[in-house]
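The values are calculated or read from the model by the stated rules, or taken from the named source; none is laboratory data. Treat the numbers as computed from the prediction; the structure is a model and nothing was measured. Here Cβ is always computed from backbone atoms with ideal geometry, including for glycine, and neighbour counts include all displayed protein chains. Heavy atoms of the whole protein, side chains included, go into the accessibility calculation; ligands, DNA and RNA do not. Shrake-Rupley method; radii C 1.70, N 1.55, O 1.52, S 1.80 Å.
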Amino acid sequence: MGRVLTTRVGDASDAAAAGRLWTAANLARTAALEHDPRSAAVDRSALDDGPAATDRSALDDGTPAVDRSALDDGSVQGDAPPPGGPAAGVSEQVAHAVAEARVRRMLTAPGSLIVLAEQDGDPVAMALIVQALAQDGASADPLPGVTHVTMVAVHPAHWRRGLGGAVVTRAEAEARRLGYTRAQLWTQQSNERAHHLYTGLGWILSGRSKTDDHGEQIRHYTRDL
């Protein structure tokens, strides 16, 4: 019998597993970048372009009280992990703790939730949605009807299986269920796989771009839900 893949909406009890998944994806991205800088597509904002999944191994955060303290997040409701990876100069255990705390914090905000993809019960991919805030998160004022997709990640053992697309699609459906009518996200300009994924799912470049907290160029995507 083949392995069974399912997606579900999680809660705070999944924070520890999500933190481990997020950290594993970020560490793998770091290793890939060190081996070949061109493989930056390993993810970032998103992950996998359908059949050739990547991951977002890390990616972005657009939540209230954007936590730069964490291991990744490229800034204002931004995106991706720092070039050095989540645990640059930080132990893997600490990275796990930071990521877990970040997930727990985001899930306390109204209008947020986490989507998990599981293979035989084990989490292998994730994505969060949160209420988008004005001024890219610098303001506490919500953007009416807009959700921000963040922390999209696929475990490195499951890259290139379309899991990024699976969790993003489920996240979009859950956002519609919560009453959101539009979604946004940021992703690295250099992450061609992520761009391929998002455009394939119907996301559109808004024309906005900027340099994130880690000196990387990121691009803004939106879509109607």
Task: Approximate shape of region 94-206 as ellipsoid semi-axes (Cα gyration tensor, √5λ), whole Å, largest first - done: 22, 18, 14
Open item on the list: Skipping prolines and chain starts, which residues have an amide H placed within reach, meaning under 5 Å, of the one on Arg208, given they are 5 or more residues away or on another chain?
Closed with: His220
Task: Portion, in percent, of the accessible area of region 125-199 that falls on carbon or sulfur, probe 1.4 Å - done: 52
TODO: Obtain the nm distance between the two label points defined at Ser206 and Ala16 by a simple spin-label model: each point lies 7 Å from its Cα along the Cα-to-C-beta direction.
DONE: 3.7
Open item on the list: Using 0.36 nm times the number of residues separating Leu5 and Arg176, minus their current alpha carbon distance, what extension gain do you get?
Closed with: 59.3 nm
Open item on the list: Just the number please: accessible area per residue for region 82-195, 1.4 Å probe, all protein chains included, in Å².
Closed with: 39
- [ ] For region 174-225, build the convex hull from the C-alpha positions and give me its volume per residue in Å³.
- [x] 85
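Run the numbers for Thr108 and Ala134: contour at 0.36 nm per residue of separation, minus the present Cα-Cα distance, in nm.
Numbers: separation 26, 0.36 × 26 = 9.36 nm, distance 1.88 nm.
Between Thr108 and Ala134, full extension yields an extra 7.5 nm.
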Open item on the list: Could you derive backbone 3J(HN,Hα) for region 111-127 from the dihedral phi with the Karplus parameters 6.51, -1.76 and 1.60 (θ = phi - 60°), listing whole Hz in sequence and x where the residue is Gly or Pro?
Closed with: x, 10, 6, 10, 10, 10, 9, 10, 10, 6, x, 9, x, 10, 7, 8, 7
